[in-house]
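Accompanying notes for the structure given below.
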Amino acid sequence: MSVKWLLGILSGQKNLLGTSTQSLVVNKAIASLIHYSLVEATNETLSLHRLVQAVTRDRMPEELKHTWAVAIVNLMVEVFPQGTNPHDVRYWPECARLLAHALVAAEYAEEYGVELEKVATLFNQAGLYLKSHAQYATAESLYRRALEIWENQLGRDHPRVAIGLGNLGEVLLAQGQYAAAEALARRALEICKKQFGPDHPDTAKSLNDLAELLREQGQYAAAEPLHRRALEIREKQLGPDHPDVAQSLNNLALLLHAQGQHAVAERLSRRDLEICEKQFGPDHPYTAKSLNNLAELLRAQGQYAAAEPLLRRALEICEKQLGPDHPDTAQSLNNLAGLFYAQDRYTAAEPFLRRALEICEKQFGPDHPYTAMSLNNLAELLRAQGQFAAAEPLFCRALEINEKQFGPDYPGTALSLENLAELLYTQGQYAAAEPLVRRALEILEKRLGRDHPQIATGLSNLVKLLRAQGQYAAAEPLVRCALEIDEKAYGPNHPIVATDLNDLAELLRAQSEYAAAEPLYRRAIAILEKTLGPEHPNTKMVRENLEILLSERSRK
């Protein structure tokens, strides 16, 4: 049997039995191997015993080893899903079936020093698949091996190296290694500028990637000019209706939304949706993502009635185009449930969250971070309904997953700690909740620095606990620190700043410091009326707090 014939079988281009003559030869050979327990056979596969593999390789002449190494790595590059396919759930069974073969083929070719660029390609593609399954440590190792080969074979400034840097940066970001990821993103950007020039679409992609990394770290002021520059390049080089322009519009909208610039963000998001509908059609999954993003913007502004039909349409598209068990379908279910939750429609939200959790467990497994996120969402809903006993094991399981996947010092672990602490707080178990909040805050300060907006959130959670225990003196400097962080991150007129002002005013009111509290309430109301509108639930809540203050003061 020739190498060429066997490769034809492996790639599916030839039938295993072939002609009647070949059928007799193959069947006789397989029967002998099965008789001596050297292979296991099914209707579709043959599995050769590892010892037989080792003996066969050891007896093979070096020239033939090289021939096989070249042939197999080329075959694997041809059949292993390429491009972005490893991120698509429809290709996961194929990736899972080929993964071990692809890695072995790549390792042998690397050992013999043949087809190294294709070896790097296989490592990179396998890394993409493993990253989608939260196997970050293994994916990181493969990305590093691919990057090393590309640097050695192509030079440190080759465009392929920039791709490798980007992929490695993404997996480091997923593990909370922000500083290391940022350094790689900046190096990738420099390569693109050097190789393509400052106005090339590939340079725009690197600008976009770096801006997204900065946004993740709460560095909004640094991220915004990069996003705007990427958008400018793409509009100029690709045209105003290109899908990459839509991506830039969406990312800039998310950034502006995070800074409270909802009206501007909404305009960008609507243009993003318009491009997607024009380029991909009204029923494309990319259109569904744009619908989801626009709906989230509307939800944040309290425009629930306007958001719901967009979310329902996005869910319908995902179910129709991707199937009822696709991760994007789960995301749409979560988003729609989040809208119901915001309106206290808990009964309507619960079946959506349970179905989203079921999809995540099926597609990603019981220990994936996306599964942890779904567990957290369902637990939060149960907590809001007072079902504390049902919520606690879900919060604990989410915490366990994050600690297992990322370790005890990951920001996702901190979020799980905060959620569990919130459950204890709701039940009045303040002493049990406080160490969890303090541990979460310690993790966030270590990973993100003291000026990150998540630090302000952690401080606010601790303030709430201290205030509930009457520890006003200890709480006040913390809430003032949170206010300072948020004003720096978001600007003085953001809804989150209004929340901090309300929290500080509530703390002062509890100590009967009415004169100091009143202007804080009024400033918070002015911000919320301007950004969210006078009828938004948050605006109404702060207005009610001010009325309570005025009533209390009048009685004294």
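The values are calculated or read from the model by the stated rules, or taken from the named source; none is laboratory data. As the structure is a computational prediction, the values presented were derived from the model and not from experiment. FYI the Cβ positions are ideal-geometry reconstructions off the backbone, even for glycines, and counts take in every protein chain you see.
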_Looking at the range 415-434 only, could you name the residues that are among the aliphatic types (A, V, I, L, M) and touching a residue at least 40 places away in the same chain (Cβ under 8 Å)?_
Ala421, Leu423
*Could you give every pair whose Cβ atoms fall below 7 Å, whose first residue belongs to the range 294-311 and is over 16 Å from Leu252 (Cα atoms) and without any contact (Cβ under 8 Å) to a residue 40 or more places away in the chain, and whose second residue is assigned to a helix (DSSP H, G or I) and among the charged types (D, E, K, R), counting only separations of at least 6 or pairs across chains?*
Ala307/Arg299
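Within the range 351-363, is there a residue that is part of a helix (DSSP H, G or I), among the charged types (D, E, K, R) and over 22 Å from the mean Cα position of the chain (by Cα)?
Within the range 351-363, the first condition is being part of a helix (DSSP H, G or I), and the residues that meet it are 351-363.
Imposing the further condition that a residue be among the charged types (D, E, K, R) reduces the set to 354-355, 358, 361-362.
Pick out the ones that are also over 22 Å from the mean Cα position of the chain (by Cα) and you get none.
The answer is no, given that none of the residues of the range 351-363 is part of a helix (DSSP H, G or I), among the charged types (D, E, K, R) and over 22 Å from the mean Cα position of the chain (by Cα).
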*Please enumerate the residues belonging to the range 455-512 that are more than 21 Å from Glu544 (Cβ to Cβ) and of a type in the set (Gly, Ala, Ser).*
Ala456, Gly458, Gly470, Ala473, Ala474, Ala475, Ala482, Ala489, Gly491
*Scan of the range 507-543 for residues that are without any contact (Cβ under 8 Å) to a residue 12 or more places away in the chain, part of a helix (DSSP H, G or I) and over 22 Å from Arg480 (Cα atoms), ordered by number*: Glu529, Lys540
*Within the range 321-332, identify whether any single residue is in contact with a helix residue (DSSP H, G or I) (Cβ under 9 Å, 6 or more places away or on another chain), in contact (Cβ under 8 Å) with a residue 12 or more places away in the chain and within 30 Å of Pro492 (Cα to Cα), and answer yes or no.*
no
*Of all residues in the range 152-179, which are farther than 16 Å from Gly127 by Cβ, among the small types (Gly, Ala, Ser) and either touching a Ser or Thr at 6+ places or on another chain (Cβ under 8 Å) or without any contact (Cβ under 8 Å) to a residue 40 or more places away in the chain (or both)?*
Gly155, Ala179
*Of all residues in the range 58-93, which are exposed (fewer than 14 other Cβ atoms within 10 Å of the Cβ) and at pLDDT 75 or above?*
Asp58, Arg59, Met60, Pro61, Glu62, Glu63, Leu64, Glu78, Pro93
*Determine which single condition Gln177 fails, assuming it passes every other condition in (1) within 18 Å of the chain's Cα centre (by Cα); (2) crowded, with 21+ Cβ neighbours inside 10 Å.*
(2)
_Report every pair of residues separated by at least 6 positions or lying on different chains whose Cβ atoms are under 6 Å apart, first residue within the range 111-124 and closer than 11 Å to Asn152 by Cβ, second in a helix (DSSP H, G or I)._
Leu116/Ile149; Leu116/Gln153; Glu117/Gln153; Ala120/Ala146; Ala120/Ile149; Ala120/Trp150
*Looking at Ala498, is it touching a Gly at 6+ places or on another chain (Cβ under 6 Å) and either among the basic types (Lys, Arg) or closer than 24 Å to Glu529 by Cβ (or both)?*
no
*Can you spot a residue in the range 478-492 that is part of a loop (DSSP other than H, G, I, E, B) and modelled with pLDDT under 95?*
yes
*Flag if Ser141 is among the small types (Gly, Ala, Ser), under 23 Å from Trp92 (Cβ atoms) and modelled with pLDDT under 95*: no
*Any chance you could count how many residues in the range 254-278 are assigned to a loop (DSSP other than H, G, I, E, B) and in contact (Cβ under 8 Å) with a residue 40 or more places away in the chain?*
2
*Subset tally (residues that are of a type outside the set (Val, Ile, Thr) and either under 21 Å from Glu151 (Cα atoms) or touching a His at 6+ places or on another chain (Cβ under 8 Å) (or both)) for the range 167-208*: 27
